[in-house]
Amino acid sequence: MNRIQKSLLCLLGIVTFSGMVSQASEPLQHWSDGTAWTVSKHRVELGVLTLSRYGLTDKLEIAAHPLMVFLMPQVQIKAGWGEWSGIRLASEHGILYPTLFMRLVATKGIGGLISPELNIPQTFAIYNRVLASFGPSKNTLLTAHAGIAFAVNSGSLDKRATIDLPIIYPRLAVFFNQPEFDAGIDFRGKFSKLFGWDFNVNNFILAASTCNYFLENKGVLAYTSKKEKLRIEAGYKLCYGKYPSGAQWHLLPDINLVFGIGK
């Protein structure tokens, strides 16, 4: 284990310990992506680079990506299950259809990520995840999650059709190696009414593969408008993965813009 991995594990330990010994307080209810909170009824959180969310009820939300719906359709439902001893529980259930995108990039030249000779069958992935959120102190929220994903293919998918890029590979690898497990932790809060942060670590573990582990660490600073109508995030995303070509680290910028409509 190298120095960066040890530092991340140490920070996770500190965050987890502080959540265990602190008293619960007022949670952060808006911008609920990655937490056990759901969008309030009829509120819309319209993400530019992330899933957009709509509150069907105060305990049920639906999410999709409006820009990717014609290339890689994805629909997700989050259901809130209540709160016990200050811990709020929820579950997420989603389906992803990447066939159109994979066929689009199966070409030669610019934009070609997959060899055009390879067959891309009809394929779907089904995701299920459990989330638990706890407010360790005022204006902070700690969330742990764990999930599992399965793929359903109409035919054999050649292992050479992988897209060996950070963020993309661990989310499409389930179509080659089943099942895929994920687990992580999210710690977010506010410095003031308008400014805050979000720090999270997510782990992906693939079954029946030597390229079986991926880690993503995101750290962003966030600005939220007074009436919760706009949220701007800017920071970094650190990725580690065991790709077919070998283990690699990537440091990427992370920028997101989310518009809030409704209470």
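Bear in mind these aren't lab numbers, they're just calculated from the coordinates by the rules spelled out. Here the structure is a predicted model, which is why all the values come from computation and not from measurement. Heads up, the Cβs are rebuilt from the backbone with ideal geometry, glycines too, and the neighbour counts pull from every protein chain shown.
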Only one of A207, A151 that is without any contact (Cβ under 8 Å) to a residue 40 or more places away in the chain, surrounded by fewer than 16 Cβ atoms within 10 Å (Cβ to Cβ) and over 29 Å from V44 (Cβ atoms): A207
(1) aromatic (F, W, Y); (2) under 16 Å from the mean Cα position of the chain (by Cα); (3) within 23 Å of K138 (Cα to Cα); (4) surrounded by fewer than 15 Cβ atoms within 10 Å (Cβ to Cβ): which one isn't true of F191, the others all being true? (2)
With respect to T50, determine if the residue is in contact with a strand residue (DSSP E or B) (Cβ under 9 Å, 6 or more places away or on another chain), closer than 16 Å to G262 by Cα and among the polar types (S, T, N, Q). no
Kindly check whether there is at least one residue in region 196-204 that is surrounded by fewer than 16 Cβ atoms within 10 Å (Cβ to Cβ) and in contact (Cβ under 8 Å) with a residue 24 or more places away in the chain. no
Can you spot a residue in region 244-252 that is over 24 Å from E45 (Cα atoms), touching a Pro at 6+ places or on another chain (Cβ under 9 Å) and assigned to a loop (DSSP other than H, G, I, E, B)? no
Cβ-Cβ below 6 Å, separation at least six or inter-chain, first residue in region 165-190 and over 15 Å from V152 (Cβ atoms), second surrounded by 20 or more Cβ atoms within 10 Å (Cβ to Cβ) and of a type in the set (S, T, Y): which pairs? D186/T143; G189/T140
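Within region 99-138, which residues are within 15 Å of S156 (Cα to Cα), touching a residue at least 60 places away in the same chain (Cβ under 8 Å) and within 20 Å of the chain's Cα centre (by Cα)?
Taking region 99-138 as the starting set, the residues that turn out to be within 15 Å of S156 (Cα to Cα) are 99, 102-103, 117-125.
Right, trim to touching a residue at least 60 places away in the same chain (Cβ under 8 Å) and you get 102.
Listed by number, the list is empty, since nothing qualifies.
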Scanning region 86-144 residue by residue, the ones that are crowded, with 19+ Cβ neighbours inside 10 Å, of a type in the set (A, V, I, L, M, F, W, C) and within 30 Å of F191 (Cα to Cα) total 5
Would you pick out the residues in region 216-237 that are within 15 Å of the chain's Cα centre (by Cα) and in contact (Cβ under 8 Å) with a residue 60 or more places away in the chain? N217, K237
